[in-house]
1. Considering only segment 1-17, state which residues are under 14 Å from residue 28 (Cα atoms), open to solvent by 100 Å² or more (accessible area, probe 1.4 Å) and not hydrophobic (A, V, I, L, M, F, W, C).
2. What is the residue count in segment 1-42 for residues that are assigned to a helix (DSSP H, G or I), polar (S, T, N, Q) and more than 12 Å from residue 64 (Cβ to Cβ)?
3. Please give the number of the condition residue 69 fails out of (1) farther than 26 Å from residue 123 by Cβ; (2) open to solvent by 90 Å² or more (accessible area, probe 1.4 Å); (3) modelled with pLDDT of 75 or more.
4. Is there any pair with a first residue in segment 98-115 that is closer than 19 Å to residue 69 by Cα and a second that is in a loop (DSSP other than H, G, I, E, B) and of a type outside the set (Phe, Trp, Tyr) whose Cβ atoms are under 7 Å apart and which are 6 or more apart or on different chains, and what are they?
5. Name every residue in segment 42-61 that is of a type in the set (Lys, Arg) and touching a residue at least 24 places away in the same chain (Cβ under 8 Å), in order of residue number.
6. Output the residues belonging to segment 9-41 that are touching a residue at least 40 places away in the same chain (Cβ under 8 Å) and under 11 Å from residue 57 (Cα atoms).
7. Can you tell me which residue in segment 43-57 is surrounded by the most Cβ atoms within 10 Å (Cβ to Cβ), limited to those that are assigned to a helix (DSSP H, G or I) and in contact with a helix residue (DSSP H, G or I) (Cβ under 7 Å, 6 or more places away or on another chain)?
Amino acid sequence: MQEKIQVLMDLLEINKAQATDIVGRYLKEAKDIHSFLDYYFETLEKEKIVGTTYEKLRIVCKKAEIEFKKRFEDKEIFLYWLKSKYKNCPFFRLFEDDFIYSYYCYDGEGNAYKKSAKSINMLVCINSFGELTYERWRSTKE
């Protein structure tokens, strides 16, 4: 956490209290602060957000929170994000246990229950129709 605070202070020239607030509120779970900063600068440029650096940072963090929530609740938004994120790279690799996700299933009587699953080793492709396809990755050791 201290490393994230220091990166924000150094790169965005905000004070320690502001950096601590942003990290504590929005970036506790962020694994890569530099990827977030890429998103921050892209969003600033795209959305033309104005204000102090701290205000801009809070606005972008709030937008990210809303966008990420929508992204994983809506398949079309998720696919649009993947297509825009990987527009120059239609293939990308996911590794086993990169992330855990939950979904609802129904039993034979129509009762809903929640299941959890983990990502597997796979190569993902976004085709020209915006459809997501994947192939299970097999190492040469198997």
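The values are calculated or read from the model by the stated rules, or taken from the named source; none is laboratory data. Note that the structure is a prediction, hence the values are computed from the model and not measured. No Cβ is skipped: glycine too gets one built from the backbone with ideal geometry, and neighbour counts run over all protein chains shown. Just so you know, the surface numbers come from the protein's heavy atoms only, side chains and all, with ligands and any DNA or RNA stripped out. Shrake-Rupley method; radii C 1.70, N 1.55, O 1.52, S 1.80 Å.
1. Those that are under 14 Å from residue 28 (Cα atoms), open to solvent by 100 Å² or more (accessible area, probe 1.4 Å) and not hydrophobic (A, V, I, L, M, F, W, C): 2, 3.
2. Selection size over segment 1-42: 4.
3. Unmet for residue 69, out of (1) farther than 26 Å from residue 123 by Cβ; (2) open to solvent by 90 Å² or more (accessible area, probe 1.4 Å); (3) modelled with pLDDT of 75 or more: (3).
4. Filtered contacts from segment 98-115: 98/119; 99/119.
5. Narrowing segment 42-61 to residues of a type in the set (Lys, Arg): 46, 48, 56, 58.
Within segment 42-61, just 58 meets the criteria.
6. Quick first cut of segment 9-41, residues touching a residue at least 40 places away in the same chain (Cβ under 8 Å) only: 12-14.
The answer is 12, 14.
7. Looking only at segment 43-57, we keep the residues that are assigned to a helix (DSSP H, G or I), and these are 43-47, 53-57.
Imposing the further condition that a residue be in contact with a helix residue (DSSP H, G or I) (Cβ under 7 Å, 6 or more places away or on another chain) reduces the set to 43-44, 53-54, 56-57.
Numbers: 43: 18, 44: 16, 53: 14, 54: 18, 56: 17, 57: 24.
Among them, the one singled out is 57.
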